[in-house]
1. Select, from D6, D38, the only residue that is acidic (D, E), out of contact with any Cys (no Cβ under 8 Å at 6 or more places or on another chain) and loosely packed, with under 14 Cβ neighbours inside 10 Å.
2. What's the number of the condition G285 fails, among (1) touching a strand residue (DSSP E or B) at 6+ places or on another chain (Cβ under 9 Å); (2) not assigned by TED's automatic domain parsing to the domain that holds D202?
3. Consider the stretch 13-34. How many of its residues are more than 10 Å from the ligand (Cβ to nearest atom) and either within 25 Å of H140 (Cα to Cα) or not assigned by TED's automatic domain parsing to the domain that holds V329 (or both)?
4. Can you tell which of T122, T108, T88 is in contact with a Gly (Cβ under 8 Å, 6 or more places away or on another chain), assigned by TED's automatic domain parsing to the domain that holds A52 and of a type in the set (S, T, Y)?
5. I'd like the full set of residues that are in contact with a Pro (Cβ under 6 Å, 6 or more places away or on another chain) and farther than 24 Å from G173 by Cα, limited to the stretch 260-282.
6. How about the stretch 111-158: which of its residues are small (G, A, S), within 14 Å of the ligand (Cβ to nearest atom) and more than 14 Å from V279 (Cβ to Cβ)?
7. May I ask you to list the residues in the stretch 212-242 that are buried (at least 17 other Cβ atoms within 10 Å of the Cβ) and of a type in the set (A, V, I, L, M, F, W, C)?
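The values are calculated or read from the model by the stated rules, or taken from the named source; none is laboratory data. These figures come from a predicted structure and were not determined experimentally. All Cβ positions, glycine included, derive from the backbone under ideal geometry; neighbour counts span all protein chains shown.
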Amino acid sequence: MIEIMDQQMDVALIGAGPIGIEMAVALKQAGIDYRHFDAGQIGATIQWFPPATHFFSSPQRIAIAGVPLQTLDQGKATREDYLRYLRTVVLLHDLAINTYEPVGDIQTANDGFVLTTHPNQTRRMWRAKRIILATGGTAHPRRLGIPGEDLPHVSAYFHEPHVYFRRRVVIIGGRNSAVEAALRLHHTRAQVALSYRRSSFDDQRIKYWLLPEINSLIAKREIACWFDTVPVQITPEYVELAKVNEKLERLDQQTVKVPADHVLSLIGYEADMSLCRKVGVNLHGVDQQPQFDEQTMQTNVPGVYVAGTATGGTQQSFQVFLENCHIHVQRILASLQGRVQQATAPHYQEPES
Ligand SMILES: Cc1cc2nc3c(=O)[nH]c(=O)nc-3n(C[C@H](O)[C@H](O)[C@H](O)COP(=O)(O)OP(=O)(O)OC[C@H]3O[C@@H](n4cnc5c(N)ncnc54)[C@H](O)[C@@H]3O)c2cc1C
């Protein structure tokens, strides 16, 4: 069944992460007629962080829409603090958000765009004059592309440490999520082994408070770390690792089999740029970064804007974060209202990590 929504809205806002919500507050305060959609619940990206994960940014950098974010101990906010905060902002501003209504398609039409959404597996068609894509940059986990990665004991999400108590866990990856998971699981009393394709962790990228501890636990052999390896196969009993050089070429045919009850593949996430593609936004480079005007955030398709981490596509090296995207909101609002926004530097240019 297709439900066709008659009235054309001025703006369709897609994505209710922090930047989508900040945008919604600005649209509402400006009296712009808009509708807001999210494929899941508000803050869906933060929802899948492991429990009690701390943001690396201080609270004032990730606060949105002028609403202060206070934490219990004046430290960095946790996942739970921030989800509660997002709910508060939505309640405070009484924002209407069509949650669990993914936007599956956008097509250009004579007088704007036609969107197809899928609430509860059904189909709705909406008309909008303008579109804002705040769809984030971490829609899907990266795939390993090896046999066994879809086995039930393999996951790309680290949810609840208790699950792994006194179990053998192999973690694949060597960036913040992998290192943080390794430390947390070690302290949960899991038996942890890491496989990382590089010869050491990148001290410029790993959170400075994680690095000494992980290096020390590896040196003391309390966490096993197989540097310069990649997984080539996962079975119900073990993960098979092969040695690689710095160009990630296999060095020989010899492999090592590391026993595993659980496998966490924490090698990063990819953006879903399919809506950009469908509506005709140009995507550049390996990151598939959308083409847009820095001053207005308008893409090469007139009337289509991008906001938040969606502007970075699938970032190989993270430069676009929540904390340096707040400025997008005012740029888009100014453009929607036909004002010229001065291209001021982002409030926070360098992430605080
Ligand atoms: C563990 C971790 C810690 C982090 N810590 C920090 C930090 O300290 N500081 C910082 O600045 N950044 C941090 N980040 C990055 C930060 O979480 C993201 O930058 C932030 O969530 C981006 O906000 P966003 O609004 O741009 O996108 P997202 O929060 O990713 O929101 C995008 C939303 O769009 C929705 N969506 C996507 N496609 C569709 C569709 N087709 N239809 C409808 N809805 C759709 C999604 O469901 C999602 O809710 C961290 C990330 C991780 C993984």
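1. On the way: D38 fails: loosely packed, with under 14 Cβ neighbours inside 10 Å.
Only one candidate qualifies: D6.
2. Of everything listed in (1) touching a strand residue (DSSP E or B) at 6+ places or on another chain (Cβ under 9 Å); (2) not assigned by TED's automatic domain parsing to the domain that holds D202, G285 misses just condition (1).
3. Step one: filter the stretch 13-34 for residues more than 10 Å from the ligand (Cβ to nearest atom), giving 24-34.
The next check asks that each one be either within 25 Å of H140 (Cα to Cα) or not assigned by TED's automatic domain parsing to the domain that holds V329 (or both); those that pass are 24.
Summing the residues that are more than 10 Å from the ligand (Cβ to nearest atom) and either within 25 Å of H140 (Cα to Cα) or not assigned by TED's automatic domain parsing to the domain that holds V329 (or both) in the stretch 13-34 gives 1.
4. Details: T122 fails: in contact with a Gly (Cβ under 8 Å, 6 or more places away or on another chain); T88 fails: in contact with a Gly (Cβ under 8 Å, 6 or more places away or on another chain).
Being in contact with a Gly (Cβ under 8 Å, 6 or more places away or on another chain), assigned by TED's automatic domain parsing to the domain that holds A52 and of a type in the set (S, T, Y) holds for just one of T122, T108, T88, which is T108.
5. Taking the stretch 260-282 first, the residues in contact with a Pro (Cβ under 6 Å, 6 or more places away or on another chain) are 269, 276, 281.
C276, V281, listed by residue number.
6. Narrowing the stretch 111-158 to residues small (G, A, S): 112, 128, 134, 136-137, 139, 145, 148, 155-156.
If we keep only those that are within 14 Å of the ligand (Cβ to nearest atom) as well, we get 128, 134, 136-137, 139, 156.
Hits for the stretch 111-158 are A134, G136, G137, A139, A156.
7. Quick first cut of the stretch 212-242, residues buried (at least 17 other Cβ atoms within 10 Å of the Cβ) only: 214-215, 217-218, 223, 225-226, 228-231, 234, 238-242.
Of everything in the stretch 212-242, those that are buried (at least 17 other Cβ atoms within 10 Å of the Cβ) and of a type in the set (A, V, I, L, M, F, W, C) turn out to be I214, L217, I218, I223, C225, W226, V230, I234, V239, L241, A242.
Residue by residue, here is whether (1) in contact with a strand residue (DSSP E or B) (Cβ under 8 Å, 6 or more places away or on another chain); (2) in contact (Cβ under 8 Å) with a residue 24 or more places away in the chain holds:
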residue: G104; (1), (2): yes, no
residue: V114; (1), (2): yes, no
residue: G136; (1), (2): no, yes
residue: G145; (1), (2): no, no
residue: Y157; (1), (2): yes, yes
residue: R189; (1), (2): no, yes
residue: S195; (1), (2): yes, yes
residue: D203; (1), (2): no, no
